[in-house]
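Readers should treat all values here as calculations from the given coordinates under stated rules, not as data from a laboratory. Owing to the predicted nature of the structure, the values given are computational and were not obtained by experimental measurement. Neighbour counts run over all protein chains shown; Cβ positions are idealised from the backbone, glycine included.
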Amino acid sequence: MNTASLLLPDFALILCGYVVCRYTALNRSVWEPVERLVYYFLFPVLLFHAMVRTPLDVAATSGLMGAGVTLGLAGVLMAYSLPHLPGLRGTDARLHAGSAQVAFRFNSFIGLALAERLAGAQGLQWIAVLIGVCVPILNIAAVWPMVGGGGRQFAKELLRNPLVVATVSALAFNLLGGRLPEWLLPTTARIGSASIALGLMAAGAGLQLSQLGLAPRLSGGVLLIKHLLMPVAAWGIVRLAALDNTQAMVLMAFSGLPTASSAYVLAARMGHNGPFVAGLVTLSTLLGMASLPLALSLAGMTPP
């Protein structure tokens with residue numbers, strides 16, 4: 001099976017959102033509330049549902065958790081190091097602070113949809129585990145340079161992040177043995193399905209290509225990390241870690257995901273250059289068509 005073809009339904013939804021937003025009466029005034037609905041309610045419910053519907057075996061998932069955290073921290077380290085590399089010294093500090101997150105954050109909407117298509121319910125749970133352990137860490141890494149290490153504002157941003165709240169609480173709920181009642185599961189599952197479709201369309205509605213030429217070397221460095229170095233790092237981690245085939249496949253797919261569509265929202269909300277970050281998000285979304293097949297092919301993997 002052609003791995004790239006797995007992405008076509010997801011990118012078709014992104015394209016649909018782009019076209020609907022720009023060429024119909026359903027413009028940004030409509031999609032901004034949709035983004036908030038998905039970000040603050042639908043998507044957190046999806047994450048919570050995916051993580052708690054099946055008991056987690058700590059012994060079986062610890063390797064995947066460790067691999068995900070290692071991969072995420074490698075991306076953070078590479079992104080933070082960019083202004084210290086030859087050719088990038090003197091990069092505007094605020095521009096780097098807002099755009100560094102693009103190198104290591106990931107589009108959870110595409111990740112969840114792809115993992116389920118690759119490996120069914122088991123793949124969905126494994127990607128939810130990765131989201132659960134990586135979202136808090138990577139959100140901390142994204143917010144930290146933008147607040148300049150200010151403790152109070154930093155803590156406030158984390159406590160207000162619905163993905164951090166949902167994933168940490170779901171992980172704790174599962175590990176403590178909590179279970180959702182059976183009568184509630186169909187409702188949360190339908191909310192989750194809606195969040196994937198609306199989230200992908202909202203990502204398309206938010207795509208922008210302005211200001212990409214503002215800092216071409218910084219842009220190139222950020223996207224190189226995201227779409228080449230992260231899959232290569234994941235390949236090395238898979239070879240060293242004791243992961244089963246499904247976990248390895250999900251980790252490799254995870255490494256090739258485009259960046260989070262909410263990255264530009266976070267940058268703009270914190271007073272940084274939102275349009276520049278939006279351009280990176282747009283290009284990253286398109287580059288995902290190449291990096292996802294690359295990530296899986298690096299380890300010789302094909303979908304089951």
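Please report the spacing between the Cα centers of the range 39-64 and the range 75-140 in Å, no decimals.
The range 39-64 and the range 75-140 have Cα centres spaced 18 Å from each other.
Taking Cα atoms of the range 1-158, Rg/Rh with Kirkwood Rh, to two decimals?
1.00
Only sites in a loop by DSSP and with at most 16 other Cβ atoms within 10 Å count here; which trypsin sites (Lys or Arg not before Pro) in the range 172-249 make the cut?
Loop-located and lightly packed - Arg179.
Given 10 Å bins starting at zero, what is the percent of C-alpha pairs of the range 109-256 in each, up to the one with the largest pair distance?
9, 27, 39, 21, 3, 0
Which value at 222 nm does the chain reach when only helices count, each DSSP H run of 4 or more adding -39,500 (n - 2.57), with the total divided by all residues and rounded to the nearest 500 deg cm²/dmol? Intermediate results must be reported in sequence, preceding the final value.
Numbers: 14 runs with 214 residues, N = 304.
Value at 222 nm, helices only, nearest 500: -23000 deg cm²/dmol.
Can you compute the radius of gyration and Dmax for the range 186-304, using only the Cα atoms, both in Å?
Answer for the range 186-304, Rg first and Dmax second: 16.3, 48 Å.
Let's see if you can work this out: charge +1 on each Lys and Arg Cβ, -1 on each Asp and Glu Cβ, no other charges. What is the dipole magnitude of the range 85-175 about its Cα centre, in debye to the nearest 20?
The dipole of the range 85-175 has a size of about 220 debye.
Contact order normalised by length for the chain, with contacts defined as Cα pairs under 8 Å and 6 or more residues apart; what percent is it?
Relative CO of the chain lands at 33 percent.
Looking at the chain, what % of the alpha carbon pairs are farther apart than 34 Å?
Value for the chain (Cα pairs over 34 Å): 15 percent.
Find which of Ile137, Val69, Gly220 sits farthest along the positive direction of the dipole of the chain, computed with +1 on the beta-carbon of Lys and Arg, -1 on that of Asp and Glu, about the Cα centre.
Selected residue: Gly220.
Can you compute the charge dipole magnitude of the range 1-122 about its Cα centre, using +1 on each Lys and Arg Cβ and -1 on each Asp and Glu Cβ, nothing else charged? Give it in debye, rounded to the nearest 20.
It comes to approximately 240 debye.
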